[in-house]
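Single-structure report; data block below.
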Amino acid sequence: MSTQLIDKDLELKQRWNILFNSFEQSLNGHKFTPMHVMRQSSMKIMEEMSFPTLRDEDWKYTAVARILNNKYVLPSREESLASELAPHFGNNLDTYKLVFYNGYFRKDLSSELPLISGLTVCTFDEAMNDAISRDLIVQHHHQWIGRQNRIFLHLSTSFSKDNIFIYIPSGVHLEKPIHIVHLASPIDEALMISPQTLIIAERGSSSRFIETYETVSTDASQPVFINALTRIVLNENACVDHFKVQDINPDSFLIHQLDTDQKRDSRFMTFTADLGARIARNEVSAHLKASNTYTQLYGITVGTKDQHTDNLSFIDHAQPRCESREMYKAVLADQSRGVFTGKVMVRQDAQKTNAFQQNNTLLISPKARMDTKPQLEIFADDVKCSHGATIGQLDKESLFYLMSRGLSRKEAASLLQFAFVAEVLDHLSFPEFEQEIAKAYS
């Protein structure tokens, strides 16, 4: 690393240390809680790491300087006192809502949860009062984070506040999705928010989760940086569907890391829709740790102006007779840019693996750009694996046909674009959510 990069890295770390010291002083007596011990540990780990540059393989198409060069402040609870819930994606969906405003959990704006024995939904601080919940958080969150080497994960942990813990007991089938609503309200200073969620789905349970990230319209000119982590643990025969939508303002930034552990016979599906942000980075790591697991990763990106959206995925087939399916599509206009890096690892013991990966992009501007890199790394010999990528433009014949039927060029192009991403939506088996995506897209 050059001297200039080292100096820049030291400057950034000094800035984060100053912010952390200020944050720590605001905690008063809470400085000695298990939650803050975890923050301190992550801050120490982060000090030994370097922020990624274009020389790092996983970041070679996404520069983070624009994100890191801002001097961020942390939101105060007083700044999150909206008296009512602002309009947001999925407002009309029938869900159990958990509302966060500028990173703080707002119980008064959230829904009543069903009275199910063992169902736990609370902040980490509240969970620490229960021995079972505390042990689960330590095992699946605190200890897990300590083994990671991702600097943005440790940055998020260092400044996380009202982390949410969700525990779905064995055999429970939630009738409605749990919708985790993250609303951020920009202020006159650059704002950093670090939400984290831990979901544990016990044996034989089934549940759906929706995560949305949006900014509330204000006149503030400074960006918001949302640095989020979602960790989902699926035990035997558990089924979890996860949907994420981000539509933050075009001056703001999002880094979201989703990590899953799957045990035998579990089924996991995640879908990501990127509709906003100046820079958005989604990292998905799926670990298939036992036989007969099924994993599906889906995503759509709609890029306009100079938006930059980066999707990085890693599927780890560690055991035999597992299946994964991955499909990401992007529609890029103006000077927007998309990145897709997908890696499927099939380890030596993972015989009878079935893995499919596809990335398709539609460029509707000569200045739009897509960098795609699907990868297979296979160490087993009895497998069915395929991957592919395509980059194209609107079909002129289809466009002409629709225009000949009375549609304007804009209407015809919009219809073809939605038809292009609709193939992904068809896999979701959630018609009400698909309708909301269609509204947001239009």
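The values are calculated or read from the model by the stated rules, or taken from the named source; none is laboratory data. This is a predicted model, so every value here is computed, not measured. Here the Cβ is made from the backbone with ideal geometry for all residues, glycine too, and neighbour counts use every protein chain on show. The protein model used for the area step is the full one, side chains on, heavy atoms only, and it has no ligands, DNA or RNA in it. Shrake-Rupley method; radii C 1.70, N 1.55, O 1.52, S 1.80 Å.
The string of couplings for region 367-377 from the Karplus curve (6.51, -1.76, 1.60, θ = phi - 60°) is 9, 6, 9, 9, 10, 10, 8, x, 9, 10, 10 Hz, one whole number per residue in order, with x for Gly and Pro.
How much of the DSSP beta bridge set in region 51-184 is antiparallel, as a percent to the nearest 5? Expressed as a percentage, antiparallel bridges in region 51-184 total about 50. The lysines within cross-link reach of Lys373, meaning a Cα-to-Cα straight distance under 18 Å and a gap of 8 or more places when in the same chain, are Lys60, Lys329, Lys343. In the distance distribution for the chain, Cα-Cα pairs more than 38 Å apart total 20 percent. Apply the a/c threshold of 1.5 to the C-alpha gyration tensor of region 113-198 and tell me whether it is rounded, prolate or oblate. Here region 113-198 falls in the oblate category.
Just the protein heavy atoms count here, and of the accessible area of the chain at 1.4 Å, carbon and sulfur take up 47 percent.
Solvent-accessible surface of protein heavy atoms, probed at 1.4 angstrom with all chains present, puts Tyr167, Tyr96, Tyr213 in the order Tyr167, Tyr96, Tyr213, largest first.
Database remark: amide H of Val73 closer than 5 angstrom to the amide H of Ala190, Leu191, Met192 (H placed geometrically; neighbours at sequence offset of 5 or more, or on other chains; Pro and chain starts carry no H). Amide H contacts under 5 Å for Phe105: Asp162, restricted to partners 5 or more places along the chain or on a different chain, H placed in the peptide plane at 1.01 Å from N. Karplus-based coupling profile of region 168-185, in residue order and whole Hz: 9, x, 4, x, 7, 10, 5, 6, 10, x, 8, 9, 9, 9, 10, 10, 10, 10, with θ = phi - 60° in 6.51 cos²θ - 1.76 cosθ + 1.60 and x standing for Gly or Pro. Show me the trypsin sites (Lys or Arg not before Pro) within region 251-315 that DSSP assigns to loop and that have at most 11 other Cβ atoms within 10 Å of their Cβ. Hits after loop and neighbour filter: Lys305.
Considering only beta bridges that DSSP places wholly inside the chain, some 5 percent are antiparallel. Each residue of region 135-145 is assigned a 3J(HN,Hα), and the resulting list reads 5, 5, 5, 4, 5, 9, 10, 4, 5, 4, 4 Hz, derived from the Karplus form 6.51 cos²θ - 1.76 cosθ + 1.60 (θ = phi - 60°), x at Gly and Pro. Only the Cβ atoms of Lys and Arg (+1) and of Asp and Glu (-1) were treated as charged; on that basis the dipole of region 135-271 about its Cα centre amounts to roughly 580 debye.
Only loop residues by DSSP count here, and only those with at most 14 other Cβ atoms within 10 Å; note down the trypsin sites (Lys or Arg not before Pro) in region 56-157 that meet that. Counting only loop positions with at most 14 other Cβ atoms within 10 Å, the trypsin sites (Lys or Arg not before Pro) in region 56-157 are Lys71, Arg147.
Amide H to amide H distances under 5 Å link Val245 with Glu211, Thr212, Tyr213, Ala273, where only residues 5 or more positions off or on other chains count and H is placed in the peptide plane. Ignoring lysines fewer than eight residues from Lys44 along the same chain, the ones with Cα atoms less than 17 angstrom from its Cα are Lys13, Lys31. Set the Cα radius of gyration of region 279-393 against 2.2 N^0.38 Å, with N its number of residues, and you get 1.14. Compactness of region 71-214 is given as radius of gyration and Dmax, 15.7, 48 Å, from Cα positions.
At a probe radius of 1.4 angstrom, the accessible area of the chain per residue rounds to 44 square angstrom. Distance from the C-alpha centroid of region 360-403 to that of region 137-153: 34 Å, rounded to the whole angstrom.
So what's the back-of-envelope 222 nm ellipticity for the chain, counting only DSSP H runs of four-plus at -39500 (n - 2.57) apiece and dividing by all residues, rounded to 500? Taken over the chain, the calculation gives -7000 deg cm²/dmol.
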